[in-house]
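For reference, the structure is listed below as structure tokens.
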Amino acid sequence: MELKRQHPIKIIDYSSKSFWLLSIPLIRGLFYLQFDLWAWIQGAWFDIFVLLVILIYGFFQWYFYTFDFDDLFFYINKGFLFKSKIVLERKKITVIAVEKNFYLSPFRSGRVFIDTNSGTSHKSDFSLVVKNSEIRDFKIHYGLNNKDFPGKHSYYPSKLHLLYFSFLFSNTLSGVVFISTLVYQGGKLLGKELELIFYDTFNQVTQFFSSVIPEAAVIISLIIFCGWILSVIINLLRHWNFNVLRSGKNLIVNGGFLTKRTFYINAKKINYADIRQSLVTILFRLSSLNIHCSGYGKSKHSIAVILPITTNSQISNAMKMLLPSYIINKISINPTPSQIRRFAFMPFLAIILLPVISRYAIRYFTVWNDIIYFAALFAIIPFVWLLIVNIVCCFTSGIGEQDNYFTLKYCTSFQFHTILVHRDKIVKVKLSQNFFQQKSDNCNLIIFTTSERGKYHTIKYLPYKKTKEFLINAHIFSEQL
Amino acid sequence: MKRYKPSITALNILIVLFIPIFLLLSFLTSYFLNAYPIIMWGIILLFWAVYIIFFMIFLPLYFKNTVYHVSKEDVIKYSGFFIKSQQYMKVSSVQYVTKLFTPFSKYTGFNFLKLNALGGDIVLLFLTKADAEAISSVIFSSIKNII
């Protein structure tokens, strides 16, 4: 077995974040001293020593990390003080991802990620930085080259669809976290000037609008808006040139502008398909198709999408090519219309209580009355939206089964989900009734599907007796309940 | 399909075990808050209200309503009073079983089984030792046959 090592650039990766926090100020110091090396070493000898120790530690980690693969297994040896050997069976692999980062391209290298159904749920089981030639060998060995995919079916969404997708499914919070990290770390690395420039610009924009709207409200709105815009840009760059192919048991997803990513997904390891819609996309008969598979959609900012926003008819046609075994069944059990009051109760309560609470708050905190008024007004809007979503959910949610595939329809916060799952991927089923549900003979059905961390789907306020009958007739369990 | 219930001995031990703990809490409250009698008595009454509600009402109802049905194909757990739940798991989904036996569990009934699947689990609480061994052997033999 010929053991291979990762690309030497990985030493920098192993050298930890402290490497950049130390090296950039050191290099800046050298510039200020006009490259007077002796003065520089005299002043910063301890920092230089620490940097060398970090680099040497990174080198040892790189040197003692070797890997190899054959037809059946993937082997990894790592560690220099505490050695470990990992043997991974090839047929357990769910997803292999190849990533070509723009900053690794000059070094003719890329990343390979390998994932299985075990391991941690927030990152890949194995991640390697290897030369491009080794990536080619790996793909040839595992039959992942283009010529190994006969009879491909492919789908290429339009750029406009990708733009709609990024607008609708961007996460404001991740954008806000990204900006704050960038400003904070940028200030630490490059000096306080960058932070001050950012804050000055922010203050100027705030003051421009504060004559009409309370200053604090402008700040919050700006933060949310900037976070959302950044998230849209990140999503768009991530899914640029997006396309998906199906050949045999492989589902191949490509995409990315600066960083090109290719995911080779074992279609048999897909846990379920998820057709997602929002209230707006329902009106325009649009939806997006996601899948749940260990290793796809795991990293930060990534969404496990197969078909970004497109028409419902295109989703059906594309699914016949890409996921032919998944069928959208008719719903056989759904909440009765009388349950609408339960669906609407919580958001309706929030809509009633918010003005009452804000009125009392204004009375006791008169200094803050502008901001309280603004916050209450803005807080009511999402609850009104949620009320409408919940009312629609009452009429659309439910469960159906045909040919061993279950269709589950339900809502989580503002999104509508249609889950298509094979019976073998259902791990546990739970019927839950609170005190009021026991009196009115309805229940919540919670279905747990195969996943690294507990993934469950809750369909609320189904008729209890009919649901039990359905579970028996669907042969989920062999014994009478 | 065989039917199992949590051990009543475990319930009785829990009820008795926490009496000295709550007595100690009451004593400490009276010692440190002696200067504030209203607050002191309020907190002591609260402790005993929690004890009565949880150990004299909720826990006995929980033990009464909890039933486990185990066969070679399925595991079903019925539990709860205010919020009733029925959990079903196929034995073929079970990846591994965690057995927890506490000291003197043969007499106390503090034996627990956790059936772990890929994406969910079922916890069987307060089994007698014999029941815990019987359930785990049924599941192990089913898993062996599946493999």
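The values are calculated or read from the model by the stated rules, or taken from the named source; none is laboratory data. Computed from a predicted model, the values in this text were never measured in an experiment. Don't worry about glycine lacking a Cβ; one is built from the backbone with ideal geometry, like all the others, and counts go over all protein chains shown. Protein only, heavy atoms only, side chains kept; ligands, DNA and RNA dropped before computing areas. Shrake-Rupley method; radii C 1.70, N 1.55, O 1.52, S 1.80 Å.
Out of all the residues in segment A:27-50, which are open to solvent by 80 Å² or more (accessible area, probe 1.4 Å), under 21 Å from residue A:15 (Cβ atoms) and modelled with pLDDT of 85 or more?
A:45, A:46, A:49
When the residues of segment A:424-436 are narrowed to those that are more than 7 Å from chain B (Cβ to nearest Cβ) and not in a strand (DSSP E or B), which ends up least open to solvent (accessible area, probe 1.4 Å)? Working first, answer last.
Restricting attention to segment A:424-436, the residues satisfying the condition of being more than 7 Å from chain B (Cβ to nearest Cβ) are A:424-426, A:436.
Keeping just the survivors that are not in a strand (DSSP E or B) gives A:424-425, A:436.
Working: A:424: 109, A:425: 44, A:436: 140 Å².
Step by step, filter segment A:424-436, then rank; the result is A:425.
Hey, can you tell me all the residues within segment A:53-69 that are without any contact (Cβ under 8 Å) to a residue 60 or more places away in the chain and either under 15 Å from residue A:128 (Cβ atoms) or in a loop (DSSP other than H, G, I, E, B) (or both)?
Of the residues in segment A:53-69, the ones without any contact (Cβ under 8 Å) to a residue 60 or more places away in the chain are A:53-64.
Listed by number, the residues that qualify are A:61, A:62, A:63, A:64.
With (1) hydrophobic (A, V, I, L, M, F, W, C); (2) open to solvent by less than 40 Å² (accessible area, probe 1.4 Å); (3) under 30 Å from residue A:115 (Cβ atoms) as the list, and residue A:86 as the residue in question, which single condition is left unmet?
Condition not satisfied by residue A:86: (2).
Quick one: in segment A:437-463, which of the residues that are facing chain B (nearest Cβ under 10 Å) and in a helix (DSSP H, G or I) is surrounded by the fewest Cβ atoms within 10 Å (Cβ to Cβ)?
The residue in question is A:438.
Looking at segment B:64-121 only, could you name the residues that are under 15 Å from residue B:2 (Cβ atoms), open to solvent by less than 40 Å² (accessible area, probe 1.4 Å), outside any strand (DSSP E or B) and within 7 Å of another protein chain (Cβ to nearest Cβ)?
Hit for segment B:64-121 is B:71, nothing else.
Assuming residue A:473 fulfils every condition listed in (1) surrounded by fewer than 20 Cβ atoms within 10 Å (Cβ to Cβ); (2) at pLDDT 90 or above; (3) touching a strand residue (DSSP E or B) at 6+ places or on another chain (Cβ under 9 Å) apart from one, which condition is it?
It fails just one condition, (2).
Do you know which residues across segment B:122-147 are assigned to a strand (DSSP E or B) and within 13 Å of chain A (Cβ to nearest Cβ)? Full working, then the answer.
We begin by selecting, within segment B:122-147, every residue assigned to a strand (DSSP E or B); these are B:122-127.
Once the filter is applied, which keeps residues that are assigned to a strand (DSSP E or B) and within 13 Å of chain A (Cβ to nearest Cβ), segment B:122-147 yields B:122, B:123.
Mind checking which strands (runs of 3 or more DSSP E) fall wholly inside segment A:83-132 and carry at least 1 residues that are under 23 Å from residue A:11 (Cα atoms), of a type in the set (Val, Ile, Thr) and touching a Gly at 6+ places or on another chain (Cβ under 9 Å)?
Working: elements: A:84-89, A:93-100, A:109-116, A:126-131.
Passing ranges, in order: A:93-100, A:109-116, A:126-131.
Is it the case that residue A:388 is in a helix (DSSP H, G or I), within 24 Å of residue A:275 (Cα to Cα) and open to solvent by 50 Å² or more (accessible area, probe 1.4 Å)?
Numbers: in a helix (DSSP H, G or I): yes; within 24 Å of residue A:275 (Cα to Cα): yes; open to solvent by 50 Å² or more (accessible area, probe 1.4 Å): yes.
Yes: the conditions hold for residue A:388.
For a quick check of your reading of the model, give me the residue pairs whose first member lies in segment B:86-98 and is of a type in the set (A, V, I, L, M), whose second is part of a strand (DSSP E or B), with beta-carbon atoms closer than 6 Å and at least 6 apart or on different chains.
B:89/A:428; B:89/B:75; B:89/B:122; B:94/B:115; B:94/B:117; B:97/B:115
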